[in-house]
1. Search region 60-90 for residues being loosely packed, with under 13 Cβ neighbours inside 10 Å and hydroxyl-bearing (Ser, Thr, Tyr), and hand back the single one that is nearest to LEU27 (Cα to Cα).
2. Residue by residue through region 9-59, note down the ones that are surrounded by 10 or more Cβ atoms within 10 Å (Cβ to Cβ), at pLDDT below 90 and not in a helix (DSSP H, G or I).
3. Which condition does TYR20 not pass, out of (1) free of Cβ contacts under 8 Å to residues at least 60 places away in the same chain; (2) of a type outside the set (Asp, Glu); (3) touching a strand residue (DSSP E or B) at 6+ places or on another chain (Cβ under 8 Å), if it passes all the others?
4. For region 70-90: of the residues being assigned to a helix (DSSP H, G or I) and in contact (Cβ under 8 Å) with a residue 24 or more places away in the chain, which is farthest from VAL32 (Cα to Cα)?
Amino acid sequence: MITDNKFDFYNIIGIADKKYKILDKALQRIIVQRMFTIHQLAHFLIIDLQKNLEEYKSKLVVITGDFFLSDPQVTKQDKDWRYLQILRQL
């Protein structure tokens, strides 16, 4: 899910705690990663994501923002190529 950087991680924790009373279980399955470049994002999604999902038994992936599409240091060809890799992996 791409949410334009409006995802509220703390809201998920609040719901898990107050509504479902599963805070400890939810926290064991949440992985928070911060990526600052399209290269970091692609590496995580292509190399590490599957391993992390299996290890933590997570069932939802949230990607916020589109920072990598407007990075002036990355060529259009590289953005297009990496973006396709990311979509294939998801």
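1. Going through the qualifying residues, I end up with SER70.
2. ILE30, ILE31, GLN33, MET35, PHE36, THR37, SER58
3. Of the numbered conditions (1) free of Cβ contacts under 8 Å to residues at least 60 places away in the same chain; (2) of a type outside the set (Asp, Glu); (3) touching a strand residue (DSSP E or B) at 6+ places or on another chain (Cβ under 8 Å), the odd one out for TYR20 is (3).
4. To start, the set of residues in region 70-90 that are assigned to a helix (DSSP H, G or I) comprises 70, 76-89.
Now narrow it down to the ones that are in contact (Cβ under 8 Å) with a residue 24 or more places away in the chain: 78-79, 82-83, 85-86, 89.
Numbers: ASP78: 26, LYS79: 24, ARG82: 21, TYR83: 21, GLN85: 21, ILE86: 18, GLN89: 18 Å.
The qualifying residue farthest from VAL32 (Cα to Cα) is ASP78.
The values are calculated or read from the model by the stated rules, or taken from the named source; none is laboratory data. Worth saying up front: this structure is predicted, and the values here are computed from it rather than measured. A quick note on method: Cβ atoms are made from the backbone with ideal geometry, for glycine too, and the neighbour counts reach across all protein chains shown.
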